[in-house]
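What follows is a set of notes on a single structure, which appears directly below.
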Amino acid sequence: GRPICECNACYTGPDCSVIVPNCAVDADSGNPMFLEPFWKQNAGSSSIMVAGWHRMGYEFEDGSLISKQLENVIHKLHETVGNANTSNKYILFGSGSTQLLNAAVYALSHTTYSSSSSTKVVASAPYYPVYKSQTELLDSKKYKFSGHTSSWRNKTRNDKFIEFVTCPNNPDGRLNKAVLHGKFTRHIYDLAYYWPHYTPIPAPMDEDLMLFTLSKLTGHAGSRFGWAIVKDKAVYDKMVEYVDLNTYGVPRETQLRALKLLNVVVRGDKKEMFRFAHTVMRSRWEKLTEILSTSKRFSMEQLPSQHCAFSKQVRPPSPAFAWLKCEADEDKDCFNVLRAANIIGRKGAVFGVENRYVRLSIVNSRDDFDLLQQRLQDLVSKDRSIV
Ligand code: PMP
């Protein structure tokens, strides 16, 4: 018989094709479900089966917590894509890059020596909110979240800083660069979106501390797998200490799954998944740009095209999020403007800026994106008929 499937929340009917009237579309969550069809097409080669007796112990046979095979495929992946230089650098794993954000803050604040004892943790607004909330949650004497980089330009002197540099940035898709350059400033490059799905890759990154995540690469956010590429041995050792004490490593099931998935990503001509992901993201981005190009009420940042060394083409970016601005004076709360049109975004204030900005996720499932497109189209056409 027909498999019993649940419809997406805003769809109903026997084949889930009828839109529920006035249902609010979820463009809030960054759940990367757009990659699901690729994994359905590659179901056989990407699946794992773990027998009850298998991989029960804490450590691998060599006593380590990290699969060597997985480490090797990560080197190969970066070499293939050309987005990060991993040679002569250490790799460690985390439960998503979420765990590694704080492992990195911990390690850098314990390995940078200056007369001041506390480290200021900063980011450029708009920034990914977890940098602040996680640093505050852990409430350490060693490091404090200290706001935006813009408040500290040319004021770094003897203070210790850790600057998060997110490239491309969540929420606005910009290829951010480091802003602070003091003697005791260290950088954490969060490269969650530095993949050809979302941005041209002009050159490999070669920074001292770079973070990546499976979540935005293959879409397997629920497997909770991230990795750090670290230049300095002392920083690497401190990060390993953090992960050891925090969770004693990443589940072996997760490592097995990541290995299986990444082997699909790097096999053959090594471009299949990237071709799929970029085609989806580019087409979504073109549709959004077209809808919003006719609107005076909403604007979206224009990001420049660049040469992509991976695809050997000049390409426009196709970011994971649309960063929308409400232009009209009276639309100070852009979230509510969209909410009234049955679109749920994420408020600018969450990212440390005014609520005139809203982030819309465009990495979720096709159903969610199609509905978002329709709701935006309706909203923009209605505005035009008022004008
Ligand atoms: N950094 C950025 C910029 C992100 O957007 C995310 C996920 N939303 C993460 C890190 C964390 O990802 P994960 O823990 O799933 O690896």
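The values are calculated or read from the model by the stated rules, or taken from the named source; none is laboratory data. Note that this is a predicted model, so its numbers are computed, not measured. When we count neighbours, we look across all protein chains shown, and the Cβ atoms used for this are built from the backbone with ideal geometry, even at glycine.
Just a few scattered comments:
- Hey, residue 222 small (Gly, Ala, Ser), out of contact with any Lys or Arg (no Cβ under 6 Å at 6 or more places or on another chain) and surrounded by fewer than 19 Cβ atoms within 10 Å (Cβ to Cβ) or not: yes
- Scanning segment 191-208 for residues that are surrounded by 21 or more Cβ atoms within 10 Å (Cβ to Cβ), more than 9 Å from the ligand (Cβ to nearest atom) and either not hydrophobic (A, V, I, L, M, F, W, C) or not assigned by TED's automatic domain parsing to the domain that holds residue 115 (or both) yields a total of 6.
- Residues in segment 171-190 that are in contact (Cβ under 8 Å) with a residue 60 or more places away in the chain and buried (at least 22 other Cβ atoms within 10 Å of the Cβ): 171, 172, 173, 186, 188, 190.
- Matching residues in segment 209-232 - criterion: being near the ligand (Cβ under 8 Å from one of its atoms) and either part of a loop (DSSP other than H, G, I, E, B) or not assigned by TED's automatic domain parsing to the domain that holds residue 91 (or both): 224
Yes/no matrix, rows are residues, columns are (1) of a type outside the set (Lys, Arg); (2) at positive phi; (3) touching a Ser or Thr at 6+ places or on another chain (Cβ under 8 Å):
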| residue | (1), (2), (3) |
| --- | --- |
| 112 | yes, no, yes |
| 120 | no, no, yes |
| 132 | no, no, no |
| 136 | yes, no, no |
| 145 | yes, no, yes |
| 152 | yes, no, yes |
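- Every test in (1) more than 23 Å from residue 278 (Cβ to Cβ); (2) touching a residue at least 24 places away in the same chain (Cβ under 8 Å) is passed by residue 306 save one, and that test is (1).
- Single residue of segment 135-182 satisfying the filter (more than 27 Å from residue 322 (Cβ to Cβ) and among the β-branched types (Val, Ile, Thr)) that is farthest from the ligand (Cβ to nearest atom): 156
- Taken together, 110, 78 contain a single residue that is under 23 Å from residue 197 (Cα atoms) and more than 16 Å from the ligand (Cβ to nearest atom), which is 78.
- Within segment 17-36, considering residues that are exposed (fewer than 14 other Cβ atoms within 10 Å of the Cβ) and either without any contact (Cβ under 8 Å) to a residue 40 or more places away in the chain or farther than 30 Å from residue 351 by Cα (or both), the one nearest to the chain's Cα centre (by Cα): 17
- Residue 93 being over 22 Å from residue 191 (Cα atoms) and of a type in the set (A, V, I, L, M, F, W, C): no
- Residues that are within 16 Å of the ligand (Cβ to nearest atom), closer than 23 Å to residue 164 by Cβ and in contact with a strand residue (DSSP E or B) (Cβ under 8 Å, 6 or more places away or on another chain), drawn from segment 233-271: 239, 243, 247, 250
- Of all residues in segment 1-51 being assigned to a loop (DSSP other than H, G, I, E, B) and of a type in the set (D, E, K, R), the one that is modelled with the highest pLDDT: 28
- If you filter segment 148-162 down to residues that are free of Cβ contacts under 8 Å to residues at least 40 places away in the same chain and not β-branched (Val, Ile, Thr), you find that the one that is surrounded by the fewest Cβ atoms within 10 Å (Cβ to Cβ) is 154.
- Top-ranked residue in segment 48-74 [being surrounded by 16 or more Cβ atoms within 10 Å (Cβ to Cβ) and not polar (S, T, N, Q); ranked as farthest from residue 243 (Cα to Cα)]: 73
- Hey, residue 262 modelled with pLDDT of 95 or more and over 18 Å from residue 212 (Cβ atoms) or not: no
- Where residue 116 falls short, out of the listed (1) more than 16 Å from the ligand (Cβ to nearest atom); (2) touching a residue at least 12 places away in the same chain (Cβ under 8 Å); (3) in a helix (DSSP H, G or I): (3)
- Just one of the listed residues (356, 282) is surrounded by 17 or more Cβ atoms within 10 Å (Cβ to Cβ) and of a type in the set (Lys, Arg), namely 356.
- Scanning segment 85-98 for residues that are of a type outside the set (Val, Ile, Thr) and either within 15 Å of the ligand (Cβ to nearest atom) or at positive phi (or both) yields 88, 92, 93, 94, 95, 96, 97.
- So residue 364, is it closer than 28 Å to residue 39 by Cα, outside the structural domain of residue 166 (by TED's automatic domain parsing) and surrounded by 15 or more Cβ atoms within 10 Å (Cβ to Cβ): yes
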